[in-house]
Every structure is written in C-alpha cells, then in structure tokens.
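Scroll down for the structure; my scribbles are underneath it.
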Amino acid sequence: VVGDRLEVNAGGIVNLNGGTLGDFVTPYNGSTFNINGGSIGAFFEPRNNTTVNIAGGTVGEHFSLGFDTTLSISGGVLEGPGIQRGGTLNLSGGNFDNFIWDNNEVNITGSEFRFNGLPIPGLGSAGDSIVFDPPETGFLTTTFADGAVLARSVSGPLNLYAVAAPVKPAVINSPGDAEPLGLRDGQTLNLSAGAELVSYFTVVDSTLNVHGGN
C-alpha cells in the first residue's frame, strides 16, 4: 500500500501490477504510468505530457487528465465520473463510466461498430479503418477484443479500427461459464447466486436475467 499524494515527475515510470495506491496520484512532466493490476484511489490526475496505459486493475472516481496526455485503455475498470481534456485517447478494451473526453485525437479499436443502431460502412473486416465523422451527435456501440462493450453518445471525428470479434456464446450461465465483460447482439446472460458482474457492465441488444448474485 502506498499512501495519498504520490507524485511522479520528470520522466518517471510507475508500473502498477498489484497493491493499492491512495488518492491524488499525480504523474506529470513526461511521466509514464502503466496499470496492469491493483488499484488507484480517487482523483488520479496525470497532466503535462504524460502517458497512461491501463490494461488491468481499477482506477478510482474523479480522475482527471490534463492537456497533452495520452490515455490508452485496453482493460481494467475506470470508476466515474472522470474527464480527459485534450491529447490522445486510445480505446481497445476495459469497462468504464461514460467519462467526458474532449480530445485532439480519439482512436477506437473494436468490432461490430454501429451508429444509432446501424452498421458503420467500411469496417466489415478485421484490419479495416476509417475516419468517422458523424453528421450529428449520436450513439456509438462497439465490442472490444476482450469482450467488453462500449455504448455512448459521440460526435466526430473518430478514428475507428476493426479487429476480429471475440467469441459470442448465445447463452451464458454465471456462475459456471466464463464471466463476460459485456453483452451484445442476441446474447443472454443468466446471473445466479454467487456470481458478480464487473462494474460498468454494458448490455446492448441482449438479455440479462438476474436470479441472484451482484
């Protein structure tokens, strides 16, 4: 356990693979923060040309990334609310609240891209990519490679990259089957006593039957 108000400065690197960091963790001035496990408390505040890579673990609520930061999320859980202003945002996995982003560049890698319920042209095969500039604010859904589902209101432009869709069992019984990170088109999840869904679990065009659990 590391207490509150950890500062990472002048190109420092932190690799978090387990354990707990407290509130008000602040990387800045070109630092790098790699989060693969463990947890960070509230008010995580990278700024000033920092790089944050989140592949696992949990980041607490009220995170705030300043201008000129690069945030890459491929796994883990980000508690909300949170905000990223400026810089680059790369999304390819993970579960998170509908945090505010106001970025110079947004890159989203996934499969089954839809806008307002309709497939987005040009992303039918793995390896396809487009610059998507929707004509109006609308609702984007996609499935990440780890099985998590993104569903949020967006406005463009966005850089979208297609990858192969993960395996999609029609019926999932939990506990028993592998725990899903989200539900997508046509799936059914039966949740029973002893099972627990990850935070910010998203259900899109699918069915969740809750008989017990959390």
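Pick from Ala55, Ala193, Ala145 the residue whose mean-square fluctuation is largest in a GNM of the chain, springs joining Cα atoms under 10 Å.
Result for the chain, Cα springs under 10 Å: Ala193 fluctuates most.
Quick one: dipole size for the chain, taken about the Cα centre, charges +1 on Lys/Arg Cβ and -1 on Asp/Glu Cβ, in debye to the nearest 20.
140 debye
Could I have the simple spin-label model distance between Ala178 and Glu196, label points 7 Å from Cα toward Cβ, reported in nm to one decimal?
So the label points at Ala178 and Glu196 sit 2.1 nm apart.
Quick one: putting +1 on the C-beta of Lys and Arg, -1 on the C-beta of Asp and Glu, what dipole do you get for the range 91-193 around its Cα centre, in Debye to the nearest 20?
Dipole about the Cα centre, nearest 20: 220 debye.
State the Cα centre-to-centre distance between the range 174-214 and the range 1-71 in whole Å.
30 Å
Can you tell me the FRET efficiency between Glu136 and Asn34 if r is taken as the Cβ-Cβ distance and R0 is 30 Å, rounded to the nearest 0.05?
The value I calculate is 0.20.
Under 5 Å between amide hydrogens, which residues at least 5 positions from Gly122 or on another chain qualify, with H placed 1.01 Å from N in the peptide plane?
Hits under the 5 Å cutoff: none.
With springs only between Cα atoms under 10 Å, which of Ser153, Ser74, Ser129 fluctuates most in a Gaussian network model of the chain?
Highest fluctuation of the listed residues: Ser153.
Order the following by accessible area, largest value first: His62, His211. Probe radius 1.4 Å; ligands, DNA and RNA are ignored.
His211, His62
So what is the orientation-averaged projected area of the chain, using the convex hull of its C-alpha atoms, in nm²?
So the Cα hull casts an average projection of 11.7 nm².
Whole-Å semi-axes of the range 1-57's equivalent ellipsoid, largest first, each the root of 5 times a Cα gyration tensor eigenvalue?
The answer is 16, 13, 9 Å, longest axis first.
What is the set of long-range amide H partners of Phe67 at a cut-off below 5 Å, with H atoms built 1.01 Å from backbone N?
Long-range HN contacts for Phe67: Asn48.
Could you pull out every residue, at least 5 positions away or on a different chain, whose amide H is within less than 5 Å of the one on Leu158? Hs are placed 1.01 Å off N in the peptide plane, and Pro or chain starts have none.
Hits under the 5 Å cutoff: Phe132, Asp133.
For Thr137, Thr202, write out the residues from largest to smallest accessible area, computed with a 1.4 angstrom probe and no ligands counted.
Thr137, Thr202
Mean separation of Cα pairs under 8 Å and 6+ residues apart, divided by the residue count of the range 71-214: what relative contact order is that in percent?
19 percent
What's the Kirkwood radius of the range 16-136 in Å, using all Cα pairs?
15.1 Å
The values are calculated or read from the model by the stated rules, or taken from the named source; none is laboratory data. The shown structure was predicted, so the numbers you read here are calculated from the model rather than taken from an experiment. Neighbour counts are summed over all protein chains in view; Cβ atoms, including those assigned to glycine, are modelled from backbone coordinates with ideal geometry. Only protein heavy atoms, including side chains, enter the accessible area calculation; ligands, DNA and RNA are left aside. Shrake-Rupley method; radii C 1.70, N 1.55, O 1.52, S 1.80 Å.
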